[in-house]
Each structure stands twice: as structure tokens, then as C-alpha cells.
Amino acid sequence: MSALILLLLAAGPEAGPPVTLLRQAVADAAIAQVKKIDARWNPEQRDCAGLVRFSLRQAYKRVDPRRLERPLFSTATGPADFADAETMLGFNLTGLGRDERALTVKTGDVLAFRQARDSGDVFHLMLVVAPSDKAHGEIHVVYHPGEKDAPVRVGRLSELMREAPGEWRPVPQNPSFLGFFRFKEWTS
């Protein structure tokens, strides 16, 4: 039997799948988009929040398909199948803090930014892919930059902290960095 099936059986029928399986499935789906964008990902939704939505759906489809029988997201008007970055932050994610060194950041967590623009605030999300053993690997982020037909990108969190333009550095000193977030569904 596969490890996935054994873990699901061990969890029991009412418990649902372990969150660690969902986290890994989210990471797998996001990283797969770096290699080649999946044709099932709606081209009109290929942006940072779209990558998060697509990766979540693919993870649940693989690990807990029954969860997709109801909408994945909450909005101001109730459950929904779609949530933009701002809505995800407001209704679906819980803040962990802004200093990665003081946190236990896990695969599937999200980094968030808000840029103030004349046309209104622009939000940006990135997915965390953390090594199973911090001593032998670095935390990476996977994200879509938002431009039409742009590829999904992956990079080391440590490089983003040092080398990104100031407004995109995930460091506590950056007022545009909102912090690290976790899906509320995964916090209980």
C-alpha cells in the first residue's frame, strides 16, 4: 500500500487527511507549474492568487476529493469557488507574523505583500515550499508574477530577503510585506 493510503487509513474516516499530505500536494502542484503550466489552470486566472487557488484545488483533488464538494473559499458574501488575493487574506488565511526567524513556516504557507498604487492596493501572494529537514535544505517560494503569459517562478526565500527590490523583500522592516499566513482550515 502506498504511504498516502496508509496515512489516510490511520487518520480514521472522520478525521480527513492529515494536513501534511495536503501541504505536500499543494507544493507538488505549484512546483509542477514551474516546469510546465497545466492546461487545466484557466488562463484568465493565471496570477499569484490563481496559483494558490489552482494548487489548493489540485491538492484536494488528489488527497481529499470530497472536500471539493463545497466551495474552498470564504468571502464577504459567503462560501465561494473564487477568491482574489485580498479576499484570501481577509477571509481564508490567518497571520503568523512577519519575522521568518521567529516562526515555524511550513510548506503550503503563504507570503503576502500589499503595494499602494494610485489605482488602488495591489496584493501579491507566494507559496512556501519548506524542506522536511531545515538542516539540509532551504525554504523556497513559488509564485506567479501576475503578467499575462508569464511563467511561474521559484526561488530561495533567503535570496528574496536579500536581493529582491526593497518593496518585495519579505522582511519585517518592509511596510509592504504583510507577513506569513496559513490557511485557516489547516490551523485547527
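Computed from the coordinates by the stated procedures, all read-outs in this text should not be read as laboratory data. Here the structure is a predicted model, which is why all the values come from computation and not from measurement. Methodologically, a virtual Cβ is constructed for each residue, glycine included, from the backbone with ideal geometry; neighbour enumeration extends over all protein chains shown.
Kindly provide the set of residues from the range 165-188 that are among the small types (Gly, Ala, Ser) and within 15 Å of Leu125 (Cα to Cα), ordered by number.
Matches in the range 165-188: Ser176, Gly179.
So in the range 114-154, with the set limited to residues that are more than 16 Å from Val34 (Cα to Cα) and in contact with a Cys (Cβ under 9 Å, 6 or more places away or on another chain), which one is surrounded by the most Cβ atoms within 10 Å (Cβ to Cβ)?
His124
Here is a list of conditions, (1) in contact (Cβ under 8 Å) with a residue 24 or more places away in the chain; (2) not in a loop (DSSP other than H, G, I, E, B), and Lys148 meets all of them except one; can you say which number that is?
All conditions are met except number (2).
Got at least one residue in the range 74-86 being touching a strand residue (DSSP E or B) at 6+ places or on another chain (Cβ under 6 Å), crowded, with 18+ Cβ neighbours inside 10 Å, in a helix (DSSP H, G or I) and not basic (Lys, Arg)?
yes
Failed condition for Thr94, given (1) of a type in the set (Val, Ile, Thr); (2) exposed (fewer than 15 other Cβ atoms within 10 Å of the Cβ); (3) closer than 15 Å to Leu125 by Cα; (4) more than 13 Å from the chain's Cα centre (by Cα), with all others met?
Unmet for Thr94, out of (1) of a type in the set (Val, Ile, Thr); (2) exposed (fewer than 15 other Cβ atoms within 10 Å of the Cβ); (3) closer than 15 Å to Leu125 by Cα; (4) more than 13 Å from the chain's Cα centre (by Cα): (4).
Could you list, in sequence order, all residues of the range 93-132 that are part of a strand (DSSP E or B), more than 15 Å from Pro170 (Cβ to Cβ) and in contact with a Lys or Arg (Cβ under 6 Å, 6 or more places away or on another chain)?
Thr94
Please work out which residue is surrounded by the fewest Cβ atoms within 10 Å (Cβ to Cβ), limiting yourself to the range 155-170 and to residues that are outside any helix (DSSP H, G or I), without any contact (Cβ under 8 Å) to a residue 40 or more places away in the chain and not small (Gly, Ala, Ser).
Only one residue fits best here, namely Pro165.
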